[in-house]
Amino acid sequence: GAGVSQSPSNKVTEKGKDVELRCDPISGHTALYWYRQSLGQGLEFLIYFQGNSAPDKSGLPSDRFSAERTGGSVSTLTIQRTQQEDSAVYLCASSPSGSQYNEQFFGPGTRLTVL
Amino acid sequence: GNSVTQMEGPVTLSEEAFLTINCTYTATGYPSLFWYVQYPGEGLQLLLKATKADDKGSNKGFEATYRKETTSFHLEKGSVQVSDSAVYFCALSGGSQGNLIFGKGTKLSVKP
């Protein structure tokens with residue numbers, strides 16, 4: 001079956017512009033996670049959705065970052081007024097539920113480069 | 001807080017050598033433990049997992065045993081192949097929102 005998909009695969013933008021990153025989870029997976037992978041920070045958790053709800057946004061690095069999920073499916077991560085330190089690979093993962101026993105299935109990521 | 005520490009790389013081995021990548025963790029409660037692998041140019045994929053103490057996860061010749069007494073989950077393979085060259089991440093399910101907490105990754109290069 002189809003795995004987690006993300007788009008775009010690569011995004012180059014200029015400092016100060018807004019970007020939107022999209023994640024399509026595996027059908028039926030209620031839990032969705034966003035992570036960021038960068039050279040200096042490793043793999044860093046950003047935000048979790050159970051259904052359409054994100055109970056805690058404290059993992060987002062700044063108030064320039066926001067995320068939403070609609071219909072219990074597609075999620076978008078928006079970065080406003082991008083900065084060079086936002087350059088990273090943004091990974092999305094989904095899981096059948098939020099249970100700690102379930103593996104998380106990762107998408108291929110979006111590589112964001114801020115010039 | 002919960003954390004994962006894994007050995008720093010890069011690790012370079014010859015084909016058919018024995019592999020160990022050390023991973024230790026700090027966690028409250030009883031997290032599940034995972035090894036994920038990232039092949040060049042690809043996304044993260046689950047290699048193996050263990051959900052309780054003394055469980056052994058295994059896949060593709062790789063093994064890791066959940067040791068609560070030493071808070072470890074070391075990855076081992078008896079005979080590595082060139083195709084095992086990748087970055088390996090140890091992770092636990094101890095995040096406050098069910099998120100995974102990852103180690104920094106260990107890059108493995110296997111030479112023919």
Please give me, ordered by residue number, the GluC sites (Glu not before Pro) of segment B:24-112 that lie in loop per DSSP and have at most 14 other Cβ atoms within 10 Å. B:42, B:69
Cα gyration tensor shape for chain A, rounded if a/c is under 1.5, else prolate or oblate: prolate
Note: A:102-110 gets an average of partner chain Cβ contacts (10 Å, Cβ to Cβ) equal to 5
Ordered by residue, what ³J(HN,Hα) values in Hz, to whole numbers, does segment A:74-90 give under the Karplus form 6.51 cos²θ - 1.76 cosθ + 1.60, where θ = phi - 60° and Gly and Pro are x? 4, 10, 10, 10, 10, 10, 9, 6, 4, 10, 4, 6, 7, 4, 4, 9, 9
Quick one: which residues, 5 or more positions from residue B:48 or on another chain, have an amide H under 5 Å from its amide H? H modelled 1.01 Å from N in the peptide plane, none for Pro or chain starts. B:35
Counting alpha carbon pairs within less than 8 Å and at least 6 residues apart, what relative contact order, in whole percent, applies to chain B? 37
Rounded if a/c is under 1.5, else prolate if a/b is larger than b/c, else oblate: which is the protein assembly as shown, with a ≥ b ≥ c the root eigenvalues of its Cα gyration tensor? prolate
Most to least packed among B:28-39, B:97-108 [average Cβ atoms within 10 Å]: B:97-108, B:28-39
Chain A: relative contact order from alpha carbon pairs under 8 Å, six or more residues apart, as a whole percent, is 37
So how much slack lies between residue A:83 and residue A:62, counting 0.36 nm per residue of separation and subtracting their Cα-Cα distance, in nm? 6.4 nm
Directionally averaged shadow of segment B:1-76, computed from the convex hull of its alpha-carbon atoms, nm²: 5.8
For peptide A:40-47, compute the average count of partner chain beta-carbon atoms within 10 Å of each residue's beta-carbon. 4
Summed for both chains, how many Å² of accessible area, to the nearest 100, are buried between A and B with a 1.4 Å probe? 1600
Over the whole of B:42-54, what's the average partner chain Cβ count within 10 Å per residue? Rounded to a whole number, please. 3
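The values are calculated or read from the model by the stated rules, or taken from the named source; none is laboratory data. Please read these numbers as outputs of a predicted model, since none were measured by experiment. With ideal geometry, Cβ positions are generated from the backbone for all residues, glycine too; neighbour counts draw on all protein chains shown. The area values use the complete protein model at the heavy-atom level, side chains included, leaving out ligands, DNA and RNA. Shrake-Rupley method; radii C 1.70, N 1.55, O 1.52, S 1.80 Å.
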